[in-house]
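Colleague: Quick one: structure below, then a few questions.
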Amino acid sequence: MFFNESVIAGPMAFVGVVGEVGQVQHMQERLLGWNVPPEHSDLVHPHWRGFLAPGKYWHIGLALIYFMLMVLSSVGNGCVIWIFTTSKSLRTPSNMFVINLAIFDLVMMAEMPLFIISSFLERMIGWEMGCDIYAALGSVSGIGSAINNAAIAYDRYRTISCPIDGRLNGKQAAVIVAFTWFWSMPFTILPITRIWGRYVTEGFLTTCSFDFLTEDQDTKVFVGAIFTWAYAIPMCLIIYFYSQLLKSVRRHEKMLRDQAKKMNVKSLVSNQDKERSVEMKIAKVAFTIFFLFVCSWTPYAVVAMTGAFGNRESLTPFSTMIPALFAKTVSCIDPWIYAINHPRYRQELQKRCQWMGIHEPAPAVDTTSAITENLKTDEA
């Protein structure tokens, strides 16, 4: 009897052990990095290997979102470059910065096909090379668009505050545009060459960025340096130039108001109303630019600084995918903020793309307000 029970129990116990082993193997396969072979293990920081891999539906959902953003970015930024480069009235030094911003946004868009393919593979396409290409595109577009926003703020400050001799000429604008690309190069090239920092996967392991999780002094200094270079300096410049611009408009409005009191001329009252309208419009655009910059890169800055100096346990694969999505979304919104509010741009769209259904009235000619006239010319 004992022999029979042991014979029966033996196979049952073996099946139970096999089942438990299968469950363990299944759990191991579903941890992040389960499909990354050992020769590419350096791409995945140990921090991510403690999380379960997201389901396939998460990858497919993000791929669909990125596909829609890719189409919006291609159409929006493509139209900006097309209209602003082929329309003689829009080929001004100030609008060179709008074209440059659209180019940076298209560089950001070039990441999206790589991400879509990676999402269906559930890993980074191309391993180290693919990771470097993806992260380098993001670095160039992110750092470049940030400093380009500061250049736009500087141009508007000079144009509105000093309408007579403050305008940038074509050569000056070209130099600043070239400088924005130069500004984006150091922290793009250094991680690729492994001279300082490196690019690794993050989040769902389908995107790449600079390494901010390695626990050594070199990584912390690198994160602090790129935070200052790519975020803090452009942020300070944007705040400074737009605050100075608004102060200048208020001073000019006060001057008109005081002059109207002294001269008792009703025509200055009309100018005062227009100046107030211009001030509100400038304030709205300035706040929108600032708000977009903050929404685009503050989440990424917070994630990087948390990973290097804070409690990295709070960084989950889902939370670290949000900053990348924000940055891509803002790159699609930029054309509408910087260009679609430009009356001459809308007029060109109305003439060339009638299917868009744009009905832009002809602008009224007004020579009584210098700032209003300047704003019509350099609104973008």
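Colleague: Taking helices (runs of 4 or more DSSP H) that fall entirely within the stretch 49-141, which contain at least 3 residues that are more than 26 Å from Tyr154 (Cα to Cα)? Quick ask: steps written out before the conclusion?
Modeller: On the way: elements: 56-86, 93-109, 111-121.
Passing ranges, in order: 56-86, 111-121.
Colleague: Those residues that are surrounded by 23 or more Cβ atoms within 10 Å (Cβ to Cβ) and charged (D, E, K, R), I need them from the stretch 88-117; list them, please.
Modeller: Asp105, Glu111
Colleague: I'm checking my understanding of the structure. Among residues of the stretch 156-170 that are assigned to a helix (DSSP H, G or I) and among the β-branched types (Val, Ile, Thr), which one is surrounded by the fewest Cβ atoms within 10 Å (Cβ to Cβ)?
Modeller: Checking each candidate, the answer is Thr159.
Colleague: Applying the selection to the stretch 252-305, what residues are aromatic (Phe, Trp, Tyr) and modelled with pLDDT of 80 or more?
Modeller: So in the stretch 252-305, the residues aromatic (Phe, Trp, Tyr) come out as 287, 290-291, 293, 297, 300.
Those that are aromatic (Phe, Trp, Tyr) and modelled with pLDDT of 80 or more: Phe291, Trp297, Tyr300.
Colleague: Can you tell me which residue within the stretch 32-48, out of those that are assigned to a loop (DSSP other than H, G, I, E, B) and under 28 Å from the mean Cα position of the chain (by Cα), is surrounded by the most Cβ atoms within 10 Å (Cβ to Cβ)?
Modeller: To start, the set of residues in the stretch 32-48 that are assigned to a loop (DSSP other than H, G, I, E, B) comprises 32-37, 44-47.
When the remaining residues are screened for being under 28 Å from the mean Cα position of the chain (by Cα), the result is 32-33, 44-47.
Values: Leu32: 23, Gly33: 20, Val44: 19, His45: 19, Pro46: 10, His47: 18.
Per the criteria, the residue is Leu32.
Colleague: So, one more: Just to be sure before I move on: is Phe227 in contact (Cβ under 8 Å) with a residue 12 or more places away in the chain, aromatic (Phe, Trp, Tyr), under 25 Å from Met305 (Cβ atoms) and part of a loop (DSSP other than H, G, I, E, B) in the structure I sent?
Modeller: Criteria not met by Phe227.
Colleague: Okay, moving on. Of the residues Ala153, Ala173, Ala178, which single one is assigned to a helix (DSSP H, G or I), modelled with pLDDT of 90 or more and under 18 Å from Leu245 (Cβ atoms)? Before the answer, list the steps.
Modeller: Values: Ala153 fails: modelled with pLDDT of 90 or more; Ala178 fails: under 18 Å from Leu245 (Cβ atoms).
After ruling out the rest, the residue left standing is Ala173.
Colleague: In the stretch 299-319, which residue that is free of Cβ contacts under 8 Å to residues at least 24 places away in the same chain and under 18 Å from the mean Cα position of the chain (by Cα) is nearest to Ile233 (Cα to Cα)?
Modeller: Just the residues of the stretch 299-319 that are free of Cβ contacts under 8 Å to residues at least 24 places away in the same chain, to begin with: 302, 306, 310-311, 313-314, 319.
Remaining after also requiring under 18 Å from the mean Cα position of the chain (by Cα): 302, 319.
Numbers: Val302: 16, Ser319: 26 Å.
In this case the residue turns out to be Val302.
Colleague: Here's another thing I want to ask about it. Out of everything in the stretch 181-205 that is outside any loop (DSSP other than H, G, I, E, B) and among the hydrophobic types (A, V, I, L, M, F, W, C), what residue ends up being farthest from Ala150 (Cα to Cα)?
Modeller: At the first step, the residues of the stretch 181-205 found to be outside any loop (DSSP other than H, G, I, E, B) are 181-184, 186-193, 199-202.
The next check asks that each one be among the hydrophobic types (A, V, I, L, M, F, W, C); those that pass are 181-183, 187, 189-190, 192, 200.
Numbers: Trp181: 13, Phe182: 14, Trp183: 12, Phe187: 18, Ile189: 22, Leu190: 23, Ile192: 26, Val200: 29 Å.
The extreme case among them is Val200.
Colleague: Quick check on the stretch 128-155: of everything there that is among the β-branched types (Val, Ile, Thr) and touching a helix residue (DSSP H, G or I) at 6+ places or on another chain (Cβ under 6 Å), which residue is surrounded by the most Cβ atoms within 10 Å (Cβ to Cβ)?
Modeller: Step one: list which residues in the stretch 128-155 are among the β-branched types (Val, Ile, Thr), which gives 133, 140, 143, 147, 152.
Going one step further and asking which of them are touching a helix residue (DSSP H, G or I) at 6+ places or on another chain (Cβ under 6 Å), we end up with 140, 143, 147, 152.
Working: Val140: 20, Ile143: 25, Ile147: 22, Ile152: 22.
In this case the residue turns out to be Ile143.
Colleague: Would you point out which residue out of Ile125, Ile60 is modelled with pLDDT of 90 or more, more than 18 Å from the chain's Cα centre (by Cα), hydrophobic (A, V, I, L, M, F, W, C) and surrounded by fewer than 17 Cβ atoms within 10 Å (Cβ to Cβ)?
Modeller: Details: Ile125 fails: surrounded by fewer than 17 Cβ atoms within 10 Å (Cβ to Cβ).
That would be Ile60, the only listed residue that is modelled with pLDDT of 90 or more, more than 18 Å from the chain's Cα centre (by Cα), hydrophobic (A, V, I, L, M, F, W, C) and surrounded by fewer than 17 Cβ atoms within 10 Å (Cβ to Cβ).
Colleague: Hey, among Gly142, Gly126, Gly130, which residue is on the phi > 0 side of the Ramachandran plot and either out of contact with any Pro (no Cβ under 9 Å at 6 or more places or on another chain) or without any contact (Cβ under 8 Å) to a residue 12 or more places away in the chain (or both)?
Modeller: Only one candidate passes the filter, namely Gly126.
Colleague: Here's a check for you: in the stretch 216-231, which residue that is among the aliphatic types (A, V, I, L, M) and under 19 Å from Val140 (Cβ atoms) is surrounded by the most Cβ atoms within 10 Å (Cβ to Cβ)?
Modeller: Applying the first criterion (among the aliphatic types (A, V, I, L, M)) to the stretch 216-231 yields 221, 223, 225-226, 230.
If we keep only those that are under 19 Å from Val140 (Cβ atoms) as well, we get 223, 225-226, 230.
Details: Val223: 22, Ala225: 15, Ile226: 22, Ala230: 25.
Within the stretch 216-231, the match that is surrounded by the most Cβ atoms within 10 Å (Cβ to Cβ) is Ala230.
The values are calculated or read from the model by the stated rules, or taken from the named source; none is laboratory data. Since the structure is predicted, the reported quantities are computational estimates derived from the model, not experimental observations. Cβ coordinates were reconstructed from backbone atoms using ideal geometry, including for glycine residues, and neighbour counts include every protein chain displayed.
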